[in-house]
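Novice: Once you've had a glance at the structure underneath, I'll fire off some questions.
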Amino acid sequence: MRLVSGVILSCLLLAGCASRPVVVEDRNEPEAGSHADPEQTVSMEDYSVDMANPGMVHALLSAQLREWEGTPYRLGGMTRKGVDCSGFVFLTFHDRLGVRLPRTTDQQARVGEKVAKDQLQTGDLVFFRTGRGVRHVGIYMNRGRFMHASTSRGVMVSSLDNVYWRSHYWTARRIETRF
């Protein structure tokens, strides 16, 4: 019992010595005299993935999709029992890519760098205006497909060429993890 307690204590002490994650602020310059909003920052964990490696990013995203596909949509949800679109994006980036994004769609739409639709790369965030004041977010996979938590079918893959998504497309953002 003493040995187990000693191991646990050692782990806790070492965890306290871990370095802080690097924080990358939104690439849009704040107005003079203003401070960066902590809700608009991206934190890179020590193990973050190089987003410029599309093969690796796609493999990691595919693994997340296999695990979560079919999980029902639940507003505010963050578990396999139910997840919303921004929660799924938040969890995917954190758990698979080592990147801590803001939690809400509006906050996620303010981080990273804006990307033209014809320049999308694996791992880019894609945003949609689905109603008055309502936004939706997903993660671009490849070949015009993105993964997301759909309100009607839960976690799934959809096509940007689908009539609904094409007509509601808003913008895309790229989260860089290279320094």
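The values are calculated or read from the model by the stated rules, or taken from the named source; none is laboratory data. Bear in mind that the values here come from a model prediction, so they are computed numbers and not experimental data. Reconstructed Cβ throughout: ideal geometry from the backbone, glycine too, with neighbour counts over all protein chains shown.
Novice: State whether one or more residues within region 143-164 are among the basic types (Lys, Arg) and modelled with pLDDT under 95.
Specialist: No, region 143-164 has no match at all.
Novice: On the basis of being over 12 Å from ALA172 (Cα atoms), in contact (Cβ under 8 Å) with a residue 40 or more places away in the chain and surrounded by 15 or more Cβ atoms within 10 Å (Cβ to Cβ), does ASP124 make the cut?
Specialist: So ASP124 fails the test.
Novice: Report whether or not ALA63 is under 15 Å from the mean Cα position of the chain (by Cα) and surrounded by 15 or more Cβ atoms within 10 Å (Cβ to Cβ).
Specialist: no
Novice: Next up: Within region 159-173, work out how many residues are within 19 Å of GLN64 (Cα to Cα) and either in contact with a Ser or Thr (Cβ under 7 Å, 6 or more places away or on another chain) or basic (Lys, Arg) (or both).
Specialist: Number satisfying all stated conditions: 0.
Novice: When you go through (1) touching a residue at least 24 places away in the same chain (Cβ under 8 Å); (2) in a helix (DSSP H, G or I) one by one for GLY70, which number turns out not to apply?
Specialist: Condition not satisfied by GLY70: (2).
Novice: For GLY87, indicate whether it is within 11 Å of the chain's Cα centre (by Cα), among the small types (Gly, Ala, Ser) and either on the phi > 0 side of the Ramachandran plot or surrounded by fewer than 16 Cβ atoms within 10 Å (Cβ to Cβ) (or both).
Specialist: No; evaluated as a whole, the condition is false for this residue.
Residues checked against (1) part of a strand (DSSP E or B); (2) under 20 Å from HIS58 (Cβ atoms):
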| position | (1), (2) |
| --- | --- |
| VAL89 | no, yes |
| PHE93 | no, yes |
| PRO102 | no, no |
| HIS136 | yes, no |
| MET141 | yes, yes |
| VAL155 | yes, yes |
| SER158 | yes, yes |
| ARG166 | no, no |
| TRP170 | yes, no |
